[in-house]
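**Q** This is the structure I have questions about; it appears just below.
The values are calculated or read from the model by the stated rules, or taken from the named source; none is laboratory data. Keep in mind the model is a prediction, meaning the values are calculated, not measured. No Cβ is skipped: glycine too gets one built from the backbone with ideal geometry, and neighbour counts run over all protein chains shown. In case anyone asks, the SASA skips ligands and DNA or RNA and just uses the protein heavy atoms, side chains included. Shrake-Rupley method; radii C 1.70, N 1.55, O 1.52, S 1.80 Å.
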Amino acid sequence: MIDATLLPLVKRAIDRPARVLVAQGISADQITLVGFGIGLAGIVAVSLGLFGLGLLCLVLNRLADGLDGAVARLTKPTDRGAFLDIALDFMFYGLFPLGFALQDPASNALPAAVLISSFIGTGSSFLAFSIIAEKRGITSEEYPTKGIYYLGGLTEGTETIVLFVAMCFFPLAFPWLACIFAALCAITTVTRWLAGWRMFGAGVP
């Protein structure tokens, strides 16, 4: 919901670190892979009840997610890089709640399953829309530098990260946080379905 507003601010903040990484010969793909590895470490930390460490890994993972795109724009963006970035992002989003399910299965397993299921709705509608938009040559004015069409919604990347941060700070509230956010994701999914239904209707070129 607020990704488009925050994106210019984030780009300015990470421009200098990105230039340093480019000068050191570090590629965008390397940053993406390292960031994903740190994210996996955070999920393991959460599963062990080390929520502070999990939060640190979450922050570093998201920092890497911003830096890889900035480095790519300063060098040469590639289709492989865009694919790797979005694929690993979606995987990380799905795995992070799993850490809480493993940490306390009795309380967290069902809410985690509901949340992960809602992510399937938001993720599949997002990617399906992007595929058809690419086929029709439709571009996003709000996200002109992204490798694929970004369709917004009530729950986007920023809101998801805020959720994960809140879960690390208040792990006992995980069931409530997960269920509330899953409901918001359901709204996002439905609005994306409707957007696709209208935009890609029969007879529209």
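**Q** Per DSSP helix of 4 or more residues, -39500 (n - 2.57); summed, then divided by the residues of the chain. What does that give at 222 nm, rounded to the nearest 500?
**A** One gets -27500 deg cm²/dmol as the mean residue ellipticity at 222 nm.
**Q** Quick one: compute the contact order of the chain, relative version, from alpha carbon pairs under 8 angstrom and 6+ residues apart, as a percent.
**A** So the answer I get is 24 percent.
**Q** Per residue, how large is the accessible surface of the chain? Use a 1.4 angstrom probe and give square angstrom.
**A** Solvent-accessible surface per residue comes out at 55 Å².
**Q** Oh, and also: Once both labels are modelled 7 Å past Cα along the beta-carbon direction, what's the Thr75-Lys135 spacing in nm?
**A** Between Thr75 and Lys135, the label points sit 3.3 nm apart.
**Q** On the full set of protein chains, 1.4 Å probe, figure out the accessible area of Leu115 and give it in Å² to the nearest 10.
**A** Estimated to the nearest 10 Å², Leu115 gives 0 Å².
**Q** Over 17 Å apart: what share of the alpha carbon pairs of the range 51-123 falls there, rounded to a whole percent?
**A** Tail fraction, whole percent: 55.
**Q** Moving on. Take the alpha-carbon positions of the chain, form their convex hull, and give its projected area averaged over all directions (one quarter of the hull surface) in nm².
**A** Spelled out: convex hull of the Cα atoms, projected over all directions, averaged, 11.3 nm².
**Q** Provide the solvent-accessible area of Arg19, counting protein heavy atoms only and rolling a 1.4 Å probe, rounded to the nearest 10 Å².
**A** 130 Å²
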